Amino acid sequence: MASYNTCHEVGPLCPVELTTYGYYPNFGGNVFFTVFFGVLGICQAGLGVYYKTWTFLIALLIGTLMEMAGYIGRVLMNDNPWSSPAFKLQIVCLVLAPTFVAAGVYLTLKHIILTLGPQHSILKPRLFTWIFIGCDVGSLLLQAAGGGVAAAADKDDMDMLKAGNNIIIAGIAFQVGTMAVCGFFAAAFFWRVYRSGDGFSGEKNLDTDVSPVVSRRMPFVVAAGVFAYTTVLIRCIYRIPEMAGGWGNPLMQEENEFLILDGAMIALACLTFTVFHPGIFLPSLRFTPKTRV
């Protein structure tokens, strides 16, 4: 039976249709995302160093570079869909990368709360990173465990293969649940800010030495954070039905859906955090003596 263990290139006994994806990954589309994430990674490095937003820099730089590596794997698969190293490269990177982008969302939300008024938040600002990033790590561990179980199963052991796949789905569902809970607390915070009359520019909460221009632009970083959160959430929701049918299911073999609901969603989130970099609008995110007292 054709598999990545027995096939090394497309041939009569190893047709492309029997690969996990069942197609040659689109060369142009995947090269575009490779270059796009590479450029965004460079921009994030420059902006992060300039504004000294080290934690945000680490999260977004890892996220963008892992996305770039994942699409390099898909470009290599265009030449050889049976390339096991390329398949593993893109699977690992494109599964893990959005978690780091989500961490950027949580970091941004934490500092938006610090800027607009922690008194309006149900959770303490620091808990947004500890709880939600911790839960994201937990979801990744579940997905890794499920992959290990599936990989250890014999080809004929359908029960073990199904168990591994179910663990992977549970990990993805847990990640979606984590983001949904975060969204609830964020929505409650924004509603309280609105009801308080302080406004999203935070005139009553910003330190006196913060530029009025930065204050007026606060709504932009709030909108950017909400947009990035939404796109990452769409990507995570898409992954549930994609995995629910098992490896090589019909949805997994639809590249257009993948490029739109996975690649484009994370690309938009990273682009948003580049154009509206939180370091511009959130002084508390910058690593300075004053912010670390």
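Looking at region 179-270, what helices (runs of 4 or more DSSP H) fall wholly within it and have at least 3 residues that are buried (at least 20 other Cβ atoms within 10 Å of the Cβ) and modelled with pLDDT under 95?
Working: elements: 212-216, 218-244, 255-258.
In region 179-270, the matching helices (runs of 4 or more DSSP H) lie at 218-244.
Hey, does region 99-109 have a residue that's more than 14 Å from the chain's Cα centre (by Cα) and either among the hydrophobic types (A, V, I, L, M, F, W, C) or surrounded by fewer than 20 Cβ atoms within 10 Å (Cβ to Cβ) (or both)?
yes
Mind listing whichever residues of region 1-38 are under 23 Å from the mean Cα position of the chain (by Cα), surrounded by 15 or more Cβ atoms within 10 Å (Cβ to Cβ) and part of a helix (DSSP H, G or I)?
Gly29, Asn30, Val31, Phe32, Phe33, Thr34, Phe36, Phe37, Gly38
With the structure loaded, tell me whether Val137 is more than 28 Å from Pro219 (Cβ to Cβ), touching a Ser or Thr at 6+ places or on another chain (Cβ under 8 Å) and at pLDDT below 90 or whether it fails that test.
On the way: more than 28 Å from Pro219 (Cβ to Cβ): yes; touching a Ser or Thr at 6+ places or on another chain (Cβ under 8 Å): yes; at pLDDT below 90: yes.
Judged against the criteria, Val137 is a match.
Take the conditions over 26 Å from Asn256 (Cα atoms) and at pLDDT 95 or above and apply them to Val49. Does it pass?
On the way: over 26 Å from Asn256 (Cα atoms): yes; at pLDDT 95 or above: yes.
Yes: the conditions hold for Val49.
Before we move on, is Ala86 aliphatic (A, V, I, L, M), surrounded by 19 or more Cβ atoms within 10 Å (Cβ to Cβ) and within 12 Å of the chain's Cα centre (by Cα)?
On the way: aliphatic (A, V, I, L, M): yes; surrounded by 19 or more Cβ atoms within 10 Å (Cβ to Cβ): yes; within 12 Å of the chain's Cα centre (by Cα): no.
Criteria not met by Ala86.
With the requirement that a residue be within 14 Å of His111 (Cβ to Cβ) and small (Gly, Ala, Ser), what does region 49-77 give you?
Of everything in region 49-77, just one residue is within 14 Å of His111 (Cβ to Cβ) and small (Gly, Ala, Ser), namely Ala59.
The values are calculated or read from the model by the stated rules, or taken from the named source; none is laboratory data. In this text, all values refer to a predicted model and were calculated from it rather than measured experimentally. As a convention, Cβ positions derive from the backbone with ideal geometry for all residues, glycine included, and neighbour counts pool all protein chains shown.
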